[in-house]
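Every read-out reported here was derived from the displayed coordinates using simple, explicitly stated rules and does not represent laboratory data. What you see is a predicted model; the values in this text were computed from it and never measured. Heads up, the Cβs are rebuilt from the backbone with ideal geometry, glycines too, and the neighbour counts pull from every protein chain shown.
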Amino acid sequence: MLRAVSEARQSGAPEPPTWTARVRWSNDRHATAYARNHAFPVGAPVSFRATDAHPSAVEYLLGALGGDLLGGFARAAERRAVPLDALEASVSGRLNNPLIAVGVIGETGHPGFEEIAATLYVSADADDPTLQSVWQATLAASPLVHTLQRCLDLHLEMKIVS
Amino acid sequence: MQAPILVGAVVYDPKVVVIWDIIKDFFRAQGCPIDYVFYSNYELQVEALLAGHIHIAWNSPLAWLDAERRAPCRAIAMRDTDRDRVSRLLARKNSGIGRVEDLRGKTVATGAKDSPQATLIPLGLLERHGLLPGRDFMLRRHDLLVGKHGDHVGGELEALKSLLRGESDACAVLDLNAERWLSDGTADPGQITVLATTDAFDHCNFTVLESFPPDEEARWKNVLFAMRYDNPDHREMMDMEGLKEWLPGRTSGYAALGEAVTRQRFFEEGKG
């Protein structure tokens, strides 16, 4: 990657874009992330409570994957002139051992995601092959799918709701 | 900044993390900062207490006995529900088993090998009736999450299910769990009878070494005892932890377990 950047600089080509977020800690136990013109709060890395003031970091990851899939699907559908009635995703994940994340002495494993499953539900005026084509295009263009599938078990499916 | 008092707790369920976050917030608000140290099992926690890594250990009754036999300790507080518990030996009504002696040659289901309420104390009761596992009856033990001393009740529940499926002739459960499972549909109360009830015993306590400063203990207990069930912030924690009031600790309720572990040579024989 560094060599590619270096070669790009030498050739005069523009540098690959980089995305950044600035995150600031607040004393009331949450962080605020600033990205471009947006700000959003981030609670604990992982939370076991039924309700919280802010989403946890692991929930942001799940939400980001769902958003990535829906945004990608909507764009791919638009390119194929497929009108969408409704689009929704359900995303769930399982950590290898969440107790590691809260520092339980004697626990084994790691606090990372072991698997994530996402189901995209679509209602649209189109036949199955067309929607499958949109779905495949969505997966091919998804930054998060391509990132996550290299490091955990990622189960993705599309369900057509009539 | 005042150094926090370090309290150890065994995480038998993720809800323990929520419970201690609430307790920690309250102590900090009261000017008596604490921090928690979580352990995966009671053996590690007792070692940490004895080594001075933590000041206070939220101990199971078995962990209390383990700590107290190895170093002078005090039990400084407990839940109202920790006092005067009993365990029940349950049987199916249609099984023809009406008294403890009828279990000779039968199968008895228990919880994990280190569960005071679902294994050790009930086996002590059977031994007092002259019944030894392996000799007089078959023991069907459910060793789920050993090291957590039966706190998670998983093995205890499996013992009850074993009875309901007809794989066992009796099972041992804590009174509070028997009440819950006979009222929530887990078991049909019309099909179950109580064969015997153990002596009363006490459950968990907050344990400190004898060397823990009395003024620190008093400061900590003052805050703990100030928690109120009618305060919604406290009630969430108290419901999860299963209490309505914190009470002073006492050590008079560990005789039945002490006798059971002595008879079963629990500590001498590699903890079961």
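When the square roots of the Cα gyration tensor eigenvalues are ordered a ≥ b ≥ c, the ratio a/c for chain B is 1.5 or more and a/b exceeds b/c, which makes its shape prolate. Computed from the alpha carbon atoms alone, the convex hull of region B:68-157 holds 136 Å³ per residue. The calculated FRET efficiency for the pair residue B:128 and residue B:231, based on their C-beta separation and a Förster distance of 60 Å, comes to about 0.85. Given Cα pairs under 8 Å that are at least 6 residues apart, what percent is the relative contact order of chain A? Relative contact order of chain A: 17 percent. Structural size metrics of region A:97-137, computed from C-alpha coordinates, are Rg and Dmax of 19.3, 54 Å. For the peptides B:114-126, B:191-203, A:113-125, the ranking by packing is B:114-126, B:191-203, A:113-125, with the highest mean count of neighbouring Cβ atoms within 10 Å listed first.
For region A:6-104, the alpha-carbon radius of gyration amounts to 1.48 times the rule-of-thumb value 2.2 N^0.38 Å expected for a compact globular protein. Net charge dipole, region A:45-160: roughly 240 debye, given to the nearest 20, about the Cα centre with Cβ charges of +1 for Lys and Arg and -1 for Asp and Glu.
The convex hull built on the alpha-carbon positions of the protein assembly as shown has an orientation-averaged projected area of 30.1 nm². Annotation for residue A:97 and residue B:259: the two label points, set 7 Å from Cα along the Cα-Cβ direction, are 3.9 nm apart. Mean per-residue shielding of peptide B:14-23 is 4, counting Cβ atoms of other chains within 10 Å of each Cβ.
Most simply put, region B:87-197 has about 55% antiparallel DSSP beta bridges, counting only bridges with both residues inside it.
Applying a threshold of 22 Å to the alpha-carbon distances of B:24/B:113; B:106/B:161; B:106/B:148; B:161/B:244; B:24/B:221; B:113/B:221 flags B:24/B:113; B:106/B:148; B:161/B:244; B:113/B:221 as lying beyond it.
Dipole of region A:1-148 (Lys/Arg Cβ +1, Asp/Glu Cβ -1, origin at the Cα centre): which of A:97, A:135, A:19 lies farthest to the positive side? In region A:1-148, that residue is A:19.
Using the Cβ-Cβ distance between residue B:84 and residue A:28 with R0 set to 56 Å, the FRET efficiency works out to roughly 0.85.
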